[in-house]
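Throughout, read-outs are computed from the coordinates displayed, never taken from laboratory work. No experiment lies behind these values; they were computed from the predicted model shown. We place every Cβ from the backbone using ideal geometry, glycine too, and count neighbours over all the protein chains shown.
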Amino acid sequence: MTIDPVFAAQFAEISAFVAGAPRGAEVLFAELRAERADYVRFDRARVRQAGTVECSEVTLHLIDAGRQARFACTLGARRRVRTTLAAALAALRELIAHAPADPFAHWQAQPGASEHVGHGRLADPREALEVIVEAAGEDDVVGLYAAGPLVRALAGSPGHRHYHQSVSSSFDFSVQAGGDRAVKDVWWSGDWDARALREAIGAARGHAQILRRPVRRIDPGAYRALLSPRAVAELVRLLGWGGFSERAQRSGQSPLALARSGQARFHPGFSIVDDAGALAVPRFQSEGFERPERVPLIEAGQPAERLVSPRSAREFGLATNGAGDDERPLAPCVAPGTLAAPAALAALGTGLAIADLWYLNFSDRGACRVTGLTRFATLWVEDGEPVAPVATMRIDDSLYRLFGDQLLALGDAALPSPETGTWYGREPGGVRAPAALVGALRLTL
Amino acid sequence: MAHPLSRVRLRCPAPPRPGARVSLRYVEERREALAVVRGVLQPVLLESDRGAMLTVWLDGETGYCATADLSPRGLSAAAERAAHWAGAAHGRGLALPEPPWRTPDAPIRFDSVRDDALPARADLVAMLHEEAAAMKRDARIVHWAASLRIAERVQRLWLDGEDAGTQRLRFVEPGLEATAADGARSQTRTLGGQYNGVCRQGGLQALRDSGFAGGGARVAAEALELLAAPNCPSGVRDLLLSPDQMMLQIHESIGHPLELDRILGDERNFAGTSFVTPDMFGHYQFGSPLLNVSFDPGVPGEYASYGADDEGMPARRVPLIERGVLKRALGGTLSQARARARGWPIEGAAAARASGWQRPPIDRMGNLDLEPGASTMEAMIAAVERGIWMQTNASWSIDDARNKFQFGCEWGRLIEDGRLGAVVRNPNYRGVSATFWRSLAMVGDRSTLQRLGTPTCGKGEPGQLARVGHASPACLFRAVDVFGGES
């Protein structure tokens, strides 16, 4: 598909409203989040739930004489869009009339414009179902097919016009192999590609064979481990929870406080950059500031720049680098190393090959210590050969160790793990990470 | 906040195909978020969200379409799209002999808004400023915040064209948070956890009951106390948990494992499976005989109270675990039917709920409460020779089968020879659900009970964040693996 006509028409109406509605010195921004998604949930390779969600939400942000407030509302029938916006603006005017000036109000006064329109072919629902059910064969396949356009757009009364559309089809799935063992994969494409999806499901079915061997139970302790790119990506996602945020650092809540004070560091080969271009995330944020193409977050093992939202910039006397209010990276990319994939198991020798980590949380945020579980496919490897699946184990270790003195090598290819979260609809972005060979990973339960 | 009851007049569309059956679920929610952070009132955020989900059952399969276009034309188009999905799933789905809903005998009416008004916004903001100011009592307090989120929700349900009910709910979620720091070391203390564990339905009375008023000074004082406290020791100790940690323990290691859709396998690709298997119901010794857990969506003011679930099943109290024995699951009409079809006659509850109009119903906890026992707090402390008392969840992690868990708390205090000892920082504990509840040795009486919850219980594909309530007394467990941090 090209530009989605429904969402484009909504944005045109929003833009016209934003251009004409402000009075006097009022500044008005309107941010559109919209998606039309086909969601099909599978259990045992059968359709469990199937449907379409179409949702457009606009957030109006009114600023007047330093006072500000926001109103987010769902857009319904097209003929009601202007009425909805007018009602929201009236409510905001009434609200800020009684609000104090906000000392940290900060917006981009210089207008900017950008347009990114991702194209892609989408499948008819019947075709997508047919491909997945047939490709699953007799295997127990569980997962979520999600497809459709996704729009993020911003209009501002100073003249901002940013429009970002991506189109994707994805199947986040696992081939179950008994117990809680499975091969997990995420097939993601800008273009519906039945053959590629069939191949991905087929490959996962093949990889599931080894998981049907008897499970090996291991004791808690420290183990040499090969973390897959997806497992590394999970750890990096957790690090993004306050690790790169200016506000979290100033609030005493950053998991990287020790590194920033020089009391801890990562391996010199460990670097992370928030790379907007790598995963096609929108290059603008709610107050009209534009993100740089790349923001280095960790360079050669040392913390580099922090993500500074406009509010933090004003509060702490800094310049913003276009971060959103949550100051999380949208596309953190870990620099690859030199370990070639075909040589990875041999480099591991004897130890654990961990495909997925799950339910990660900080067990001691100050020490950047993380706990979580192995999940889906963890294999015991002897002399470079996978031997048996390993029962679920709990890890509890510091990232300063795992990506520090225990980091032996990083894979030579950083692979994308697209964002698959759908709490508030599908999201752009993701993580790009290589595999990591770790000398000693602490397992506690 | 203006009352959100919509003037929208909806008409359930006619079945789009011969033999099709249609349900229409309308949800409108208006939210307001107020916060004072480091002394500054943050920009107020208002939200107004409304839309409808059309579900069509046709030839044994269902399809859905969620839309915010509530015009007759918009709803009819959504019904048509839902029918298209049902057709596409034909021969590849659940093969349901009838729709996954039951029309109640009479429309369900539920209202938690009516009797408990909230003060004006200006008064609420003044209250936030007061608590925030009370937190900034020391230069080492580097972050302090007082917040309040309010949501009013109207949901209406039509099943096969019949009015199945209207429910009006108001949720209040107060929060307090203070972080004390000294160099790179810091400690954070909150009211009920960083994710609003103190949450109720109602208005001013719910706010009064929350401990918010006067809580700012306490939270900040305890953050400073923790900053100076020694690290939690490691080893096996008896563990006394306050309700604001019990809530999380119940949620993760009783609530989720008892969700019938997990047991049936729906969540294996995402939220996980369960160590509970269908053959366990009726006889499995889940915990010690002191463990009694009920699903009770009828408790006035508790966070996840409601009149009926989203499949039309009227809500009622259902015991799930009695004297430690597993009796029933958290499964709605559809999940129970699916279980029966596989030969598992498992009793359930009115548990099928959707997070909003954009999502289909799945099995949810509602209010999942641990019944109070007979022990006073003093008696439980006196019964401990070597132990620790922990309060307020700070970290949570559990495996996909909801068995191996590790939880951290904000605050800990040692218990030695039946007496309270030193406060310790970074207290954590770990265990295995299948055996942990059998170590339940004493259950607090009503004087120790608190009604709490969580606004963001996540599961489902696509993802859904649901409001869940948990009431619990303080509880004592024997011989638990306890440890501290490194910072």
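The table below gives the values:
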item	result
Qualifying residue in region B:268-279 (condition: in a helix (DSSP H, G or I) and either under 25 Å from residue B:450 (Cα atoms) or among the charged types (D, E, K, R) (or both))	yes
Failed item, numbered, when residue A:294 is tested on (1) within 14 Å of chain B (Cβ to nearest Cβ); (2) more than 30 Å from residue A:60 (Cβ to Cβ)	(1)
Output for region A:389-415, where each listed residue is in a helix (DSSP H, G or I) and either more than 10 Å from chain B (Cβ to nearest Cβ) or closer than 12 Å to residue A:225 by Cβ (or both)	A:399, A:401, A:402, A:403, A:404, A:405
Residues (more than 7 Å from chain B (Cβ to nearest Cβ) and not aliphatic (A, V, I, L, M)) located in region A:21-52	A:22, A:23, A:24, A:26, A:29, A:31, A:33, A:35, A:36, A:38, A:42
Among (1) free of Cβ contacts under 8 Å to residues at least 24 places away in the same chain; (2) part of a strand (DSSP E or B); (3) of a type outside the set (A, V, I, L, M, F, W, C) - the single one residue B:123 does not satisfy	(2)
Any chance residue A:328 is under 30 Å from residue A:405 (Cα atoms) and either outside any helix (DSSP H, G or I) or of a type in the set (Val, Ile, Thr) (or both)	yes
Residue within region A:251-272 that is in contact with an Asp or Glu (Cβ under 6 Å, 6 or more places away or on another chain) and more than 14 Å from chain B (Cβ to nearest Cβ) present	yes
Residues satisfying the stated conditions in region B:175-227, i.e. acidic (Asp, Glu), part of a helix (DSSP H, G or I) and either within 14 Å of chain A (Cβ to nearest Cβ) or in contact with a Pro (Cβ under 6 Å, 6 or more places away or on another chain) (or both)	none
Yes/no for residue A:153 being over 23 Å from residue A:49 (Cβ atoms), in contact with a His (Cβ under 7 Å, 6 or more places away or on another chain) and either within 14 Å of chain B (Cβ to nearest Cβ) or touching a residue at least 12 places away in the same chain (Cβ under 8 Å) (or both)	yes
Cβ pairs under 9 Å, 6+ apart, first in region A:167-193 and within 16 Å of residue A:127 (Cα to Cα) and within 11 Å of chain B (Cβ to nearest Cβ), second of a type in the set (Ser, Thr, Tyr) and outside any loop (DSSP other than H, G, I, E, B)	A:171/A:145
Test: residue in region A:79-97 that is under 26 Å from residue A:315 (Cβ atoms), surrounded by fewer than 21 Cβ atoms within 10 Å (Cβ to Cβ) and touching a Ser or Thr at 6+ places or on another chain (Cβ under 9 Å)	no
Members of region B:263-286 found to be within 28 Å of residue B:464 (Cβ to Cβ) and among the small types (Gly, Ala, Ser), listed by number	B:265, B:271, B:272, B:274
Counted residues, region A:1-47 - those being in contact with a Leu (Cβ under 7 Å, 6 or more places away or on another chain), closer than 18 Å to residue A:80 by Cβ and not in a strand (DSSP E or B)	6
Qualifying residue in region A:302-317 (condition: farther than 29 Å from residue A:404 by Cβ, more than 14 Å from chain B (Cβ to nearest Cβ) and either buried (at least 18 other Cβ atoms within 10 Å of the Cβ) or in contact with an Asp or Glu (Cβ under 9 Å, 6 or more places away or on another chain) (or both))	yes
Qualifying residue in region A:383-404 (condition: out of contact with any strand residue (DSSP E or B) (no Cβ under 8 Å at 6 or more places or on another chain), surrounded by fewer than 19 Cβ atoms within 10 Å (Cβ to Cβ) and not small (Gly, Ala, Ser))	yes
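Yes/no per residue for (1) closer than 15 Å to residue A:31 by Cα; (2) at the interface with chain B (Cβ under 8 Å from one of its Cβ atoms); (3) charged (D, E, K, R); (4) part of a loop (DSSP other than H, G, I, E, B):
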| site | (1), (2), (3), (4) |
| --- | --- |
| A:54 | no, yes, yes, no |
| A:58 | yes, no, no, no |
| A:71 | yes, yes, no, no |
| A:85 | yes, no, no, no |
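A quick yes/no check of all residues on (1) among the β-branched types (Val, Ile, Thr); (2) in contact with a His (Cβ under 8 Å, 6 or more places away or on another chain); (3) more than 9 Å from chain A (Cβ to nearest Cβ):
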{"site": "B:52", "(1), (2), (3)": "no, no, yes"}
{"site": "B:55", "(1), (2), (3)": "yes, no, no"}
{"site": "B:65", "(1), (2), (3)": "no, no, no"}
{"site": "B:72", "(1), (2), (3)": "no, no, yes"}
{"site": "B:85", "(1), (2), (3)": "no, no, no"}
